[in-house]
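Please read the structure below before turning to the comments.
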Amino acid sequence: MVFAVQDLHIEFGPRVLFDSLSFVVEQGERIAFAGQNGAGKSTLMKCIVGVMEPDCGKVLLPRHTHVGYLPQDGIHIAGTPLLDEVLGSVGNIVELQQTVEEMSASLLQLDSAAKEYHDTLEEIGRLELILHDRDAARLRPRTESILRGLGFSEADFSRDCGEFSGGWQMRIALAKLLLQEPEVLLLDEPTNHLDLQSQRWLEQSLRHYRGAICIISHDVALLDSLVTRTIAFHHGRAEEYAGNFSFYLKESKARKEILLRQAKAQQREIAKTQEFIDRFRAKATKASQVQSRIKQLEKVELIEVEEDDAVMSFRFPPPPPGGNTVVKLEGVCKAYGDISLLHRYDFTMDKGDRIAIVGVNGSGKSTFTRLISGTEAPDAGAFSFGHHTQVAFFSQTHADVLDDNQTVLECVEAAASLETRPLVRNILGCFLFRGDDVFKKIGVLSGGERSRVALVCMLLHPANFLIMDEPTNHLDFQSQDVLQRALADYPGSYCIVSHNRQFLDPIVNKVLEFRTGLPPRLFHGNVSQYLETVEAEERRQKELALRSQDSAAAIGSTPSNLPNNRKESRRLRAMAQERRNTLIRPLERRLEEVEAEIARKDDRKAAISAELEKPENMSDNQRLMDLTQEYQTLERETDALFTVWEDISAELERATTALAEEFPGVLS
């Protein structure tokens with residue numbers, strides 16, 4: 001067990017989020033927390049990590065269990081270079097080493113026959129294994145690998161963390177967690193701010209993560225590929241499903257159907273019993289039977305079937321007719337300082353185009369949406385709308401300009417036209433503003449709620465060209481489904497910036513890919529087809545690179561690349577060989593010696609581990625202490641050897657490169 005939730009009760013005013021919630025999470029489990037927005041998923045994570053206290057119940061965590069938590073937002077880091085900030089997050093390695101030393105010293109004061117002695121010894125062994133797994137010699141390259149996987153470039157490593165926007169701040173926090181490798185990882189919408197490439201990298205990393213993972217996400221593809229257990233929260237109750245998210249959706253429907261059948265059968269039995277009571281209540285000869293049936297009814301526990309939340313839907317206002325060309329860019333240039341996003345770029349969008357805009361963050365996707373919406377002018381080139389093109393544009397920044405003093409209802413009604421005003425309450429319900437929620441002031445809403453209000457305002461605006469920048473970031477599955485169905489029926493054209501493959505695939509027919517330092521590319525098909533094409537390209541490029549290397553090696557080995565004068569050629573070869581023997585060979589021999597020494601120490605550590613497991617040694621306290629101290633010494637020596645190995649490897653690489661530059665084509 002890595003942690004357990006026991007009889008948790010949480011309520012906000014009259015609303016009960018959880019009542020007597022209990023479950024256990026085992027080592028290595030992957031669990032999805034499912035349910036509508038507001039069901040309590042994020043609140044539960046806050047209770048587990050200790051940010052919030054439950055009204056009743058508790059969370060049980062074994063001693064020294066480290067819980068890592070990634071919230072949806074609210075993280076801001078500044079004042080430290082990126083690489084230093086992430087590397088500094090594993091300061092617990094030093095703390096663990098100090099803990100091991102203190103516990104080892106305390107063994108000398110304990111009775112070797114006491115339970116506390118054996119518990120301490122066992123804990124030392126556990127911490128030693130953790131330290132071994134988190135080898136300090138490999139921390140820096142591993143940190144750099146994680147940062148690259150999450151989309152940071154090498155140039156970013158020295159930048160102050162405060163220079164990064166909110167989405168990148170969340171990536172920094174995620175990088176720190178992945179480097180720390182806590183025993184429990186709590187992730188609340190980890191893919192909200194990730195592009196497709198980073199999402200794919202994260203998915204692979206989480207599959208191989210050694211600890212337990214609890215995740216909240218609206219990315220069905222991620223959940224289906226990762227989780228093996230789903231806990232669904234609904235109306236204050238929690239139900240467990242032994243499968244991924246798609247299994248949960250199918251199984252929950254099946255459970256509901258079974259419960260409905262059981263409830264109907266129970267009602268039929270109750271009706272029959274009541275009919276008997278009513279019929280024979282006045283007959284003295286049946287009095288005992290009637291009383292028996294009345295007591296029977298009183299003991300019946302009614303099967304309650306909760307009503308499903310109303311499934312709402314809406315349709316876009318009928319768009320005004322437009323021409324065949326929606327928008328056109330000709331020779332457009334756009335740059336911010338030295339960073340050029342578009343250079344002499346041509347783009348035409350035709351009527352009926354449904355385009356997904358994808359690419360790494362910072363490559364120009366949001367800038368492009370502002371250009372084609374007419375809200376930002378290009379530095380050079382021509383921009384024009386087609387005949388009668390009318391635009392509705394949703395951007396994350398639109399949430400910042402809402403009037404804080406208006407209610408949600410007033411804000412949306414002000415944005416609606418006369419034709420769409422009757423749709424206001426329905427569409428607000430579709431996007432999670434139900435009942436009294438519509439009377440909340442904009443100023444008290446969270447960032448996600450403000451974004452949903454801005455989205456609703458945009459959707460009620462009659463237009464034949466929709467532009468949406470990350471519209472699903474703060475929507476639950478039901479709201480995403482409502483928007484997806486509305487877009488599928490929409491007769492106009494649209495561009496959507498999103499990395500939500502599940503949402504985009506059924507509703508787009510083209511993909512516009514933005515690349516850093518390269519012009520955008522247009523692909524026909526949906527996002528999954530685009531990814532297949534890109535992966536096939538990457539495979540071809542790797543194959544070509546390997547062939548090119550083989551060809552270069554073959555050409556380099558031919559006499560035509562050597563000096564024409566045979567005598568001069570032999571002289572150069574002799575000089576190069578002598579330089580290699582002087583510079584390279586000693587480093588190679590030293591590296592082999594260090595590797596052999598590391599191998600010997602690893603063999604001895606393995607032998608000690610085997611000795612520690614033998615029954616005869618378990619009863620010999622002095623032997624146990626000697627073996628443990630020897631293991632700790634070997635660990636420290638191995639750490640030092642890895643540092644030496646890394647230094648020699650770097651020096652060998654520099655010397656080899658210098659020799660190749662001094663004698664090009666001479667040495668194979």
*Select from region 395-411 the residues that are at pLDDT 90 or above and part of a helix (DSSP H, G or I) and write down the one among them that is farthest from P471 (Cα to Cα).*
E410
*Which one is modelled with the lowest pLDDT among residues in region 118-144 that are among the hydrophobic types (A, V, I, L, M, F, W, C) and out of contact with any Ser or Thr (no Cβ under 7 Å at 6 or more places or on another chain)?*
A136
*What single numbered condition from (1) among the acidic types (D, E); (2) surrounded by 17 or more Cβ atoms within 10 Å (Cβ to Cβ); (3) within 24 Å of F523 (Cα to Cα); (4) without any contact (Cβ under 8 Å) to a residue 40 or more places away in the chain fails to hold for D346?*
(2)
*asked:* It is to be established whether one or more residues within region 153-167 are in contact (Cβ under 8 Å) with a residue 60 or more places away in the chain and closer than 30 Å to F233 by Cβ.
replied: yes
*Is it true that R126 is more than 24 Å from the chain's Cα centre (by Cα), basic (K, R) and within 30 Å of I598 (Cβ to Cβ)?*
yes
_Residues of region 54-112 classified as free of Cβ contacts under 8 Å to residues at least 24 places away in the same chain, among the small types (G, A, S) and assigned to a loop (DSSP other than H, G, I, E, B), total_ = 2
*Read through the list (1) at pLDDT 90 or above; (2) assigned to a loop (DSSP other than H, G, I, E, B), then give the number of the only condition that A282 fails.*
(1)
*Scan region 653-668 residue by residue and report those that are at pLDDT 70 or above and under 8 Å from A576 (Cα atoms).*
L659
*asked:* Please go through region 201-228 and give me each residue that is surrounded by fewer than 20 Cβ atoms within 10 Å (Cβ to Cβ), assigned to a helix (DSSP H, G or I) and touching a residue at least 24 places away in the same chain (Cβ under 8 Å), ordered by number.
replied: W201, S205, L206, V220, A221
*Considering only region 419-433, state which residues are part of a loop (DSSP other than H, G, I, E, B) and closer than 18 Å to L445 by Cα.*
F431, L432, F433
*Please find, within region 454-467, the residue that is farthest from D404 (Cα to Cα) out of those that are in a helix (DSSP H, G or I) and out of contact with any helix residue (DSSP H, G or I) (no Cβ under 6 Å at 6 or more places or on another chain).*
L459
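This table checks each residue for (1) closer than 24 Å to V16 by Cα; (2) among the hydrophobic types (A, V, I, L, M, F, W, C); (3) part of a strand (DSSP E or B); (4) not assigned by TED's automatic domain parsing to the domain that holds I31.
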residue: F233; (1), (2), (3), (4): yes, yes, yes, no
residue: A238; (1), (2), (3), (4): yes, yes, yes, no
residue: E257; (1), (2), (3), (4): no, no, no, yes
residue: K264; (1), (2), (3), (4): no, no, no, yes
residue: E269; (1), (2), (3), (4): no, no, no, yes
residue: Q274; (1), (2), (3), (4): no, no, no, yes
residue: V290; (1), (2), (3), (4): no, yes, no, yes
*Which one of G352, G331 is assigned by TED's automatic domain parsing to the domain that holds F503, in contact (Cβ under 8 Å) with a residue 60 or more places away in the chain, surrounded by fewer than 22 Cβ atoms within 10 Å (Cβ to Cβ) and touching a strand residue (DSSP E or B) at 6+ places or on another chain (Cβ under 7 Å)?*
G352
*For P506, indicate whether it is buried (at least 22 other Cβ atoms within 10 Å of the Cβ), under 20 Å from N526 (Cα atoms) and touching a helix residue (DSSP H, G or I) at 6+ places or on another chain (Cβ under 8 Å).*
no
*Quick one: in region 55-70, of everything that is at pLDDT 85 or above and under 19 Å from E181 (Cβ atoms), which residue is nearest to the chain's Cα centre (by Cα)?*
L70
_Residue, farthest from the chain's Cα centre (by Cα), within region 140-181, restricted to residues that are surrounded by fewer than 18 Cβ atoms within 10 Å (Cβ to Cβ) and in a loop (DSSP other than H, G, I, E, B)_ = R159
*Residue under evaluation V412, criteria (1) within 14 Å of F316 (Cα to Cα); (2) β-branched (V, I, T); (3) buried (at least 20 other Cβ atoms within 10 Å of the Cβ), criterion not met*: (1)
_Could you tell me how many of the residues in region 363-389 are of a type in the set (V, I, T) and in contact with a helix residue (DSSP H, G or I) (Cβ under 9 Å, 6 or more places away or on another chain)?_
1
*Looking only at region 354-386, which residues are within 30 Å of the chain's Cα centre (by Cα) and assigned to a loop (DSSP other than H, G, I, E, B)?*
V360, N361, G362, S363, G364
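The values are calculated or read from the model by the stated rules, or taken from the named source; none is laboratory data. Every value quoted in this text rests on a predicted model; they were computed, and no experiment measured them. Reconstructed Cβ throughout: ideal geometry from the backbone, glycine too, with neighbour counts over all protein chains shown.
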